[in-house]
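Beneath this line is the structure, given in structure tokens, with notes to follow.
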Amino acid sequence: MMKLKYLQTSQLGVRWLKTYYRKNPQLNLKKAVASLKSAEQTLRENPLAGERFEDRENARELPILGTSFSLLYTVAQDTIWIIDIRDQRGYRSAEALRLFNRELRARYGIT
């Protein structure tokens, strides 16, 4: 089974997911967290489960079922690297992808 690591570019997405569910108490945070854990497990078992993200060869996206969020990730060195938790209704992940491509690929040796 592959390792799964969250890059620092994902921290805003993690915070936004938590904030969104706290600000909307009618939504079930526990169910969303369980869906996130299930998505992580799916990736560990099948790293290519997500679809290619837009026209990027090195980025994939796996929806977190029952939510408006998805995991934006890449696979390298026997590790699944989470680039962002993407709110599918917005465009905030563009900056995470730019940072990933510009700095983090070299820092972590992700090819």
Label model pair ALA49, LEU12: point-to-point distance (7 angstrom along the Cα→beta-carbon line) in nm is 2.7
Per residue and in Å³, how big is the convex hull formed by the alpha-carbon atoms of region 3-108?
-> 92
With at most 16 neighbouring Cβ atoms within 10 Å, loop GluC sites (Glu not before Pro) (DSSP) excluded, longest segment of the chain = 58-111
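Find the relative contact order for the chain and round it to a whole percent, using C-alpha pairs within less than 8 Å whose residues are 6+ positions apart.
Details: 159 pairs, mean separation 32.8, N = 111.
Computed over the chain, the figure is 30 percent.
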Among DSSP beta bridges lying fully in the chain, give the percent that are antiparallel, nearest 5.
-> 80
Cα to Cα, under 25 Å, and not fewer than 8 places away if on the same chain: which lysines meet these conditions relative to LYS3?
-> LYS18, LYS30, LYS31, LYS37
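Bear in mind that the values in this text are calculations on the coordinates, not laboratory data. Everything numeric in this text was worked out from a predicted model, so none of it was measured. Neighbour counts run over all protein chains shown; Cβ positions are idealised from the backbone, glycine included.
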